[in-house]
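Asker: Could you have a look at this structure, given as structure tokens, before my questions?
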Amino acid sequence: MADLLDRFAPLMAQRDALFNENGADPFQVKMDEVLSQTEAVIEGRRTILVGTNNYLGLTFAPEALDAAHAALDAYGTGTTGSRVANGTYGGHKELEQALCDFYGMKHAMVFSTGFLANLGILSTLMGPEDYILMDADCHASIYDGVRGSQAQIIRFKHNDAADLDKRLARLAGKPGNKLIVVEGIYSMLGDRAPLKEIVAVKKKYENVFLLSDEAHSLGVLGKYGRGLPEEVGCEEDVDFIVGTFSKSVGTVGGFCVSNHPQFDTLRLVCRAYVFTASLPPSVVASATVNLGLVQKGGALRKRLMRNAKKLQTGLSALGLQVASEDSPVVAVVAPDPQTAAVFWRGLIEAGVYVNLALPPATPFGYSLLRASLCAAHTEEQIDDVIAIFADVASRLGLIAPAEPQRTAVG
Ligand code: PMP
């Protein structure tokens with residue numbers, strides 16, 4: 001009889017082949033000391049962090065630290081209960097009100113992570129007669145959420161509004177509601193949904209709702225940081241926004257906001273909300289404070305985008321293939337998983353931390369060195385990151401070695 005986890009043997013063999021031979025194992029990375037939003041000690045080295053999704057650098061915001069300390073002292077380390085049974089404190093309600101105010105929406109529900117928010121909402125919203133039309137490149141939490149739903153699941157081609165239109169046309173006249181699911185910014189390549197086109201398609205048909213996962217666009221896009229719908233001016237056409245506090249908001253937790261009149265029904269039927277412990281008071285307090293900083297964070301957003309542009313142009317100028325544009329995510333494409341793993345190891349040994357992302361978790365089967373920028377990165381840090389990429393890439397033969405500087409003889 002096969003042993004319990006034998007079915008994962010090919011995956012483990014693949015992992016061993018990739019990481020044991022060259023010592024690169026990104027799953028073993030440990031930050032022993034966090035020096036700031038942009039630096040940590042890894043393997044005893046001072047390392048520049050370019051892979052944390054800490055877009056606005058709010059993890060050490062003094063106001064949030066103060067609020068978290070005060071909540072810890074006043075309410076203790078945890079709620080020890082679920083929102084419904086015994087885990088709703090005043091702070092949770094204040095955070096939900098802060099989300100309603102931030103988005104200008106009537107209803108907000110706070111979950112313990114963004115993953116659970118997608119799991120809970122997507123498995124509950126649509127019933128057996130209904131349809132969910134999701135972008136093929138959606139996050140794992142969306143895939144898991146829709147899998148738990150009784151609705152029929154239809155995937156449309158990534159960022160292809162015409163393909164969505166075709167699929168909705170086939171459903172026209174069928175009873176049941178339809179829910180379109182997209183992301184504001186997709187996590188791997190940092191590209192954006194064509195939201196205006198998707199809204200135009202939505203409006204052609206009856207009983208169609210739209211949900212946008214704004215995990216990577218909250219705090220990043222829009223004058224007030226409300227993400228892609230704010231940036232492109234179609235907030236009224238998005239029925240549900242799901243988000244996370246684990247990126248721009250600098251802590252942990254998830255949420256869903258909506259104007260749907262029956263939204264509060266979800267508080268009783270959403271299993272990922274009812275049957276799990278609520279966020280601890282210190283996290284809730286820091287999320288509430290940081291949400292305010294996100295709203296006022298216009299200058300941080302400018303710095304973030306300036307930093308991202310600098311890294312993107314710097315790496316492209318080296319001759320590396322950069323798959324991202326105009327995005328806080330800067331993803332460099334390596335020729336194959338092996339090279340990507342060695343590249344990643346070279347970077348970490350030289351004091352740069354990025355994410356190694358490999359197929360099947362990546363679009364187009366890309367092997368990626370995925371960087372995400374922070375408003376708190378200095379120009380000097382980004383120059384250092386570019387120089388280290390240049391050094392490692394030329395040692396791997398991916399780009400031509402830098403020309404030696406000519407000195408004038410005279
Ligand atoms: N949605 C997307 C698009 C994400 O990238 C992530 C996290 N990487 C999540 C949801 C889950 O968020 P959390 O970390 O809060 O569970």
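Yes/no matrix, rows are residues, columns are (1) open to solvent by 10 Å² or more (accessible area, probe 1.4 Å); (2) in a helix (DSSP H, G or I); (3) closer than 21 Å to Ala402 by Cα:
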{"site": "Met305", "(1), (2), (3)": "yes, yes, no"}
{"site": "Ala308", "(1), (2), (3)": "no, yes, no"}
{"site": "Leu311", "(1), (2), (3)": "no, yes, yes"}
{"site": "Gly319", "(1), (2), (3)": "yes, no, yes"}
{"site": "Ser324", "(1), (2), (3)": "no, no, no"}
{"site": "Ser327", "(1), (2), (3)": "no, no, no"}
{"site": "Val330", "(1), (2), (3)": "no, no, no"}
{"site": "Gln338", "(1), (2), (3)": "yes, yes, no"}
{"site": "Leu347", "(1), (2), (3)": "no, yes, yes"}
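Asker: Another question about this same structure. Would you check which residues across the range 235-248 are of a type outside the set (S, T, N, Q) and either farther than 21 Å from Pro328 by Cβ or not in a loop (DSSP other than H, G, I, E, B) (or both) and list them?
Answerer: So the first thing to find is which residues in the range 235-248 are of a type outside the set (S, T, N, Q), and the list is 235-243, 245, 247.
Correct list: Glu235, Glu236, Asp237, Asp239, Phe240, Ile241, Val242, Gly243.
Asker: What residue, of Thr59, Thr38, Thr52, Thr47, is touching a residue at least 24 places away in the same chain (Cβ under 8 Å), touching a Gly at 6+ places or on another chain (Cβ under 8 Å) and closer than 23 Å to Ala341 by Cβ? So that I can check it myself, show each step before the final result.
Answerer: Working: Thr59 fails: closer than 23 Å to Ala341 by Cβ; Thr38 fails: closer than 23 Å to Ala341 by Cβ; Thr52 fails: touching a Gly at 6+ places or on another chain (Cβ under 8 Å).
Among Thr59, Thr38, Thr52, Thr47, only Thr47 is touching a residue at least 24 places away in the same chain (Cβ under 8 Å), touching a Gly at 6+ places or on another chain (Cβ under 8 Å) and closer than 23 Å to Ala341 by Cβ.
Asker: Determine whether the range 240-258 contains at least one residue that is more than 30 Å from Ala61 (Cα to Cα), more than 16 Å from the ligand (Cβ to nearest atom) and over 17 Å from the mean Cα position of the chain (by Cα). Step through it out loud before you land on a result.
Answerer: Of the range 240-258, the ones more than 30 Å from Ala61 (Cα to Cα) are none.
Looking for residues that are more than 30 Å from Ala61 (Cα to Cα), more than 16 Å from the ligand (Cβ to nearest atom) and over 17 Å from the mean Cα position of the chain (by Cα), one finds none in the range 240-258, hence no.
Asker: Right, here's the next one. Residue by residue through the range 25-63, note down the ones that are over 24 Å from Asn307 (Cα atoms) and either in contact with a helix residue (DSSP H, G or I) (Cβ under 9 Å, 6 or more places away or on another chain) or surrounded by 13 or more Cβ atoms within 10 Å (Cβ to Cβ) (or both).
Answerer: Scanning the range 25-63 gives Asp25, Pro26, Phe27, Gln28, Val29, Glu43, Glu63.
Asker: Test Ser286 against the stated conditions and say whether it is open to solvent by less than 20 Å² (accessible area, probe 1.4 Å), away from the ligand (no atom under 12 Å from the Cβ) and closer than 23 Å to Asp144 by Cβ. Before you say what the answer is, go through the steps one by one.
Answerer: Working: open to solvent by less than 20 Å² (accessible area, probe 1.4 Å): yes; away from the ligand (no atom under 12 Å from the Cβ): yes; closer than 23 Å to Asp144 by Cβ: no.
Criteria not met by Ser286.
Asker: Continuing with this model, one more query. Which pairs do you get when a residue that is in contact (Cβ under 8 Å) with a residue 60 or more places away in the chain, found in the range 152-173, comes within reach of a residue that is crowded, with 17+ Cβ neighbours inside 10 Å, reach meaning Cβ atoms under 7 angstrom, with the pair 6+ apart or on two chains?
Answerer: Pairs that qualify, where the first residue is in contact (Cβ under 8 Å) with a residue 60 or more places away in the chain and the partner is crowded, with 17+ Cβ neighbours inside 10 Å, are His158/Asp135; His158/Asp137; His158/Pro363.
Asker: At least 2 residues that are away from the ligand (no atom under 14 Å from the Cβ) and farther than 18 Å from Leu122 by Cβ in each: list the helices (runs of 4 or more DSSP H) lying fully within the range 140-217 that qualify.
Answerer: 161-171, 195-204
Asker: Quickly run through the range 214-238 and pick out the residues that are touching a residue at least 40 places away in the same chain (Cβ under 8 Å) and open to solvent by 10 Å² or more (accessible area, probe 1.4 Å).
Answerer: Selection gives Ala215, His216, Lys223, Tyr224, Arg226, Glu235.
Asker: Return the pairs, sorted by first residue and then second, in which the second residue is basic (Lys, Arg) and open to solvent by less than 60 Å² (accessible area, probe 1.4 Å), the first residue lies in the range 252-274 and is closer than 16 Å to Thr88 by Cβ and at pLDDT 95 or above, the beta carbons are less than 7 Å apart, and the residues are 6+ apart or on different chains.
Answerer: Tyr273/Arg83; Tyr273/Arg267
Asker: Looking at (1) closer than 24 Å to Lys93 by Cβ; (2) in contact with a Leu (Cβ under 7 Å, 6 or more places away or on another chain), which is the one condition that is false for Leu279?
Answerer: Here Leu279 clears every test but (2).
Asker: If you don't mind, there's one more thing I want to ask. When residues of the range 84-139 are filtered for being away from the ligand (no atom under 16 Å from the Cβ) and either open to solvent by 50 Å² or more (accessible area, probe 1.4 Å) or part of a loop (DSSP other than H, G, I, E, B) (or both), how many remain?
Answerer: Total satisfying the criteria: 18.
Asker: Quick check on the range 46-53. Is at least one of its residues under 30 Å from Leu218 (Cα atoms) and of a type in the set (Gly, Ala, Ser)?
Answerer: Within the range 46-53, one or more residues are under 30 Å from Leu218 (Cα atoms) and of a type in the set (Gly, Ala, Ser).
The values are calculated or read from the model by the stated rules, or taken from the named source; none is laboratory data. Nothing here was measured: the structure is a model prediction, and the numbers come from that model. For neighbour counting, all protein chains shown are included, and Cβ atoms are generated from backbone atoms with ideal geometry for every residue, glycine included. Each accessible area value is taken on the protein alone, full model and side chains, heavy atoms only, with ligands, DNA and RNA left out. Shrake-Rupley method; radii C 1.70, N 1.55, O 1.52, S 1.80 Å.
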